[in-house]
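Since the structure comes first, as structure tokens, the remarks are kept for the end.
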Amino acid sequence: MQSVVTYEKPLPHLSLPDWDARLYGLQVTADTRRADAFDLRHGARQLRNETKIKTEWDLYHNNNRLRARVYEIEQWKSTIQDLLSRLDREMNLLKEEKASTERELEQLNLPLLVCSECLSNRDGRRSTELTYDLADTELKKVEEEQGYDDDATITQP
């Protein structure tokens, strides 16, 4: 029969207390890393929660400020639109008043033009036909009542 040859590995063997110490060291290292990982996860979760809460409050405050600003701008827009409509009404009233005044001036100017034309026609007569009669006197009287003298110029609009 043949015997089986057994070989030991050429590595140094550890004693049981050294092996226990090594395992204890690995266990402590693993526990430390686990605790560090837990602290890191816990810190990250806490930071996420704090950030989320701060973000929500900041968003809430910003939305309130924006709402207030939009309301203020709408108020200003309303005020400006009211003022614009009032200005438009006032401008339309002024245009109507201007047109009315121009019509009245034309109506006031018409008798003066007729009177001036009549005097011009009478002045255009020959020297033998020039007289101071009742018509001439009345025409000059009307012209003076209108506030114009002989040197005034009459302009039409």
Å² of accessible area per residue within the chain, as computed with a 1.4 Å probe and no ligands counted:
95 Å²
Helix 16-123 versus the longest principal axis of the chain: what is the Cα-based angle in degrees, 0 to 90, to the nearest 10?
0 degrees
Run the dipole for the range 10-157 about the Cα centre, Lys and Arg Cβ at +1, Asp and Glu Cβ at -1, nothing else charged, and hand back the magnitude in debye, nearest 20.
2280 debye
Angle between the Cα long axis of helix 134-145 and the longest principal axis of the chain, 0 to 90 degrees, nearest 10?
30 degrees
Rank 107, 92, 120 by how far each Cα sits towards the positive end of the charge dipole of the chain (+1 on Lys, Arg Cβ; -1 on Asp, Glu Cβ) and give me just the farthest.
92
Portion, in percent, of the accessible area of the chain that falls on carbon or sulfur, probe 1.4 Å
57 percent
Name the shape class, rounded, prolate or oblate, that the alpha-carbon gyration tensor gives for the range 37-157, where a ≥ b ≥ c are the square roots of its eigenvalues, rounded holds for a/c under 1.5, and otherwise prolate holds if a/b is larger than b/c and oblate otherwise.
prolate
Full-extension gain in nm, residue 106 to residue 11, via 0.36 nm per residue minus C-alpha separation:
21.2 nm
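The values are calculated or read from the model by the stated rules, or taken from the named source; none is laboratory data. All of these numbers come straight from a predicted model, not from anything done at the bench. Here the Cβ is made from the backbone with ideal geometry for all residues, glycine too, and neighbour counts use every protein chain on show. Heavy atoms of the whole protein, side chains included, go into the accessibility calculation; ligands, DNA and RNA do not. Shrake-Rupley method; radii C 1.70, N 1.55, O 1.52, S 1.80 Å.
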